[in-house]
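Have a look at the structure below, then the notes.
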Amino acid sequence: MGSDGNAYMGIEDGSNAIALQIGGKAANRFLQGHAHKSGTRLKAHDLKEINEELTAHAEHCGDVRDVHYRCAPFQNGVELDIGNGHRIRIKPGKVAVIEKGSKTLFHRTPTMRSLPMPADVGDLKLLDKYLNINPVNKVLLLAWLSYMLAHPKVSTTNFVILVLQGDQGSGKTFLCKLIQTLIDPSIVGVQSFPRNEKDLVIASMNSHVLFYDNMRNISPAMADKLCIAATGGYVTARRLYTDGEQQVFRLHVALVLNGIHSFIEQPDLAQRSLPLHLLSINEKSCRSETELYRDFQADLPKIFRGLLDLVADILKHIPTVKVTSPERMYDFSRWLAAMEMVDGVPPGVYQDVYSDALNEGMLDSLLEDPLASAVMTFVSEKVDGDWSGKPSELLLKLNSFLGNKYRYSREWPQTASALSKRLKSLQAGLKRQGIKVEFGRGKHRNITLTNMEAF
């Protein structure tokens, strides 16, 4: 049994171990091939009976083993499944291609494609000619790419959501394709955003990184699910054809989202994101995607090796780094601190760049929220220090201050209770913009707004 609750059988792919999910296409092909060698042909009902017996054996007699997709922890580093029978082990200061002897159980899906075989010598500078971003964003992208290669889906991993924004024709989808080729190749490619959480969960179980194209808006319910996906958690559903039996699915996956407009409207989601802005492309200097991707494929082995070397160098410094600008996704701040040591820049430089990007993203999300936008305007124009009062008084004050600007919006709180609930979810984001929100307890519950820039 896998630690994810699914039943697997372990086999050797060449000279390395892999896990085939019982009942899956790959497992069925293996069983049919094994039967064919002994002169037997398995029909559909034969496979069904064999799978039922194997599942029962796994559930009652089998060992519980960790099964990973693409990336697995290995000693004080990681092991990557290239997908062609080879593995890559990355330890502090060392990268090695493993042809045989690996006992790490990796699960492969029909949509999975192989990572590139790395060159003997890497050259990350080759990536520059394919990136339509400024040098500051390039540093953050390299940090994100290396972080994703070094962090498997385990309970302690928090995945920062990469958000790519740019005008039409700025190459957002093309950049997603390059990123996917480097860290998690798949025939699925860049997808449309799922309509419900079930589709998101299924996609997450078959990928290390998911790519979603042309984002416009995200409902609060799906924003909550993306937050769960980033830090890991569980969603439940009723088992098909039953009244009360429940299925539990683990939702944990790295995400890349792209779009023209600002689509991260929930501050909680913005705190888990890394927003990067793509530059406009001069039409005279445009090259076809086919030509660019062909050149990229030629450079890919050296670029990939350079990325692996960066991971190895960062791992070497991780144990001794000091985080100067901690953010909610603390491990990514720590990763940036180690990357500062690798690149020989002063402590805090990359971390501050990340904090600035977060502040900008948080501000964008707050401005998209009517209540947050109203509170920021009210405090900046009318509060020189503190304002304190009951939730009902604050609601009246905001309605009076704003007139009818938001009053009849579906997203505007119509009651004092709704105002308090909404403000609590906005506390962290408003604090980053210099507004402290405090809730007093007692017979009469008060709200205090503090303009921290006034002190």
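The values are calculated or read from the model by the stated rules, or taken from the named source; none is laboratory data. All values derive from a computational prediction rather than experimental measurement. So basically every Cβ, Gly included, is an ideal-geometry build from the backbone, and we count neighbours across all protein chains shown. Heads up: the accessible areas ignore ligands, DNA and RNA and are worked out on the full protein's heavy atoms, side chains in. Shrake-Rupley method; radii C 1.70, N 1.55, O 1.52, S 1.80 Å.
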Item to complete: Any chance you could count how many residues in region 224-244 are outside any strand (DSSP E or B), farther than 28 Å from Asp167 by Cβ and modelled with pLDDT of 90 or more?
Response: 5
Practice prompt. Could you please let me know if Arg410 is in contact (Cβ under 8 Å) with a residue 12 or more places away in the chain and either touching an Asp or Glu at 6+ places or on another chain (Cβ under 9 Å) or not hydroxyl-bearing (Ser, Thr, Tyr) (or both)?
Written response: no
Discussion item. Based on this model, can you work out whether Val345 counts as over 18 Å from Glu327 (Cα atoms) and open to solvent by 10 Å² or more (accessible area, probe 1.4 Å)?
Written reply: yes
Discussion item. Residue pairs, Cβ under 8 Å, 6 or more apart or interchain, first in region 198-209 and under 12 Å from Phe159 (Cβ atoms) and at pLDDT below 90, second small (Gly, Ala, Ser) and open to solvent by 20 Å² or more (accessible area, probe 1.4 Å). List them.
Written reply: none
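Among the candidates Arg422, Arg445, single out the residue that is assigned to a helix (DSSP H, G or I), open to solvent by 30 Å² or more (accessible area, probe 1.4 Å) and touching a residue at least 40 places away in the same chain (Cβ under 8 Å).
Values: Arg445 fails: assigned to a helix (DSSP H, G or I).
Arg422 is the lone residue from the list that is assigned to a helix (DSSP H, G or I), open to solvent by 30 Å² or more (accessible area, probe 1.4 Å) and touching a residue at least 40 places away in the same chain (Cβ under 8 Å).
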Practice prompt. Those residues that are under 22 Å from Pro275 (Cβ atoms), open to solvent by 50 Å² or more (accessible area, probe 1.4 Å) and outside any helix (DSSP H, G or I), I need them from region 200-223; list them, please.
Written response: Asn214, Arg216, Asn217, Ser219
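If you check Ile318 against the conditions, is it at pLDDT 95 or above, surrounded by fewer than 22 Cβ atoms within 10 Å (Cβ to Cβ) and not hydroxyl-bearing (Ser, Thr, Tyr)? Walk me through it before giving the result.
Working: at pLDDT 95 or above: yes; surrounded by fewer than 22 Cβ atoms within 10 Å (Cβ to Cβ): yes; not hydroxyl-bearing (Ser, Thr, Tyr): yes.
Judged against the criteria, Ile318 is a match.
Take Leu308 and decide whether it is in contact (Cβ under 8 Å) with a residue 60 or more places away in the chain and not in a strand (DSSP E or B). Write out each step before concluding.
Values: in contact (Cβ under 8 Å) with a residue 60 or more places away in the chain: yes; not in a strand (DSSP E or B): yes.
Judged against the criteria, Leu308 is a match.
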Practice prompt. Those residues that are in contact (Cβ under 8 Å) with a residue 40 or more places away in the chain and in a strand (DSSP E or B), I need them from region 425-436; list them, please.
Written response: Ile435
Worksheet item: Is it true that Arg410 is charged (D, E, K, R) and under 20 Å from Glu360 (Cα atoms)?
Response: no
Discussion item. Need pairs with beta-carbon distance below 7 Å; first residue closer than 14 Å to Tyr212 by Cα and within region 180-193, second open to solvent by 20 Å² or more (accessible area, probe 1.4 Å) and of a type in the set (Gly, Ala, Ser); sequence gap 6+ or separate chains.
Written reply: Gln180/Ser186
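Between Ser333, Ser400, which is surrounded by 15 or more Cβ atoms within 10 Å (Cβ to Cβ), out of contact with any strand residue (DSSP E or B) (no Cβ under 8 Å at 6 or more places or on another chain) and among the hydroxyl-bearing types (Ser, Thr, Tyr)? Walk me through how you get there before you give the answer.
Details: Ser400 fails: surrounded by 15 or more Cβ atoms within 10 Å (Cβ to Cβ).
Answer to the check: Ser333.
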Discussion item. If Ser400 meets every condition in (1) among the hydroxyl-bearing types (Ser, Thr, Tyr); (2) part of a helix (DSSP H, G or I); (3) within 34 Å of the chain's Cα centre (by Cα) apart from one, which number is that one?
Written reply: (3)
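Per-residue answers, yes or no, for (1) buried (at least 16 other Cβ atoms within 10 Å of the Cβ); (2) more than 22 Å from the chain's Cα centre (by Cα):
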| position | (1), (2) |
| --- | --- |
| Ala298 | no, yes |
| Leu308 | yes, no |
| Val311 | yes, no |
| Ala357 | yes, no |
| Glu368 | yes, yes |
| Val379 | yes, yes |
| Lys390 | no, yes |
| Ser409 | no, yes |
Worksheet item: Is it the case that some residue within region 379-394 is acidic (Asp, Glu), more than 21 Å from Met329 (Cβ to Cβ) and in contact (Cβ under 8 Å) with a residue 24 or more places away in the chain?
Response: yes
Worksheet item: Taking region 262-294 on its own, how many of its residues are under 14 Å from Ser365 (Cα atoms), in a helix (DSSP H, G or I) and modelled with pLDDT of 90 or more?
Response: 2
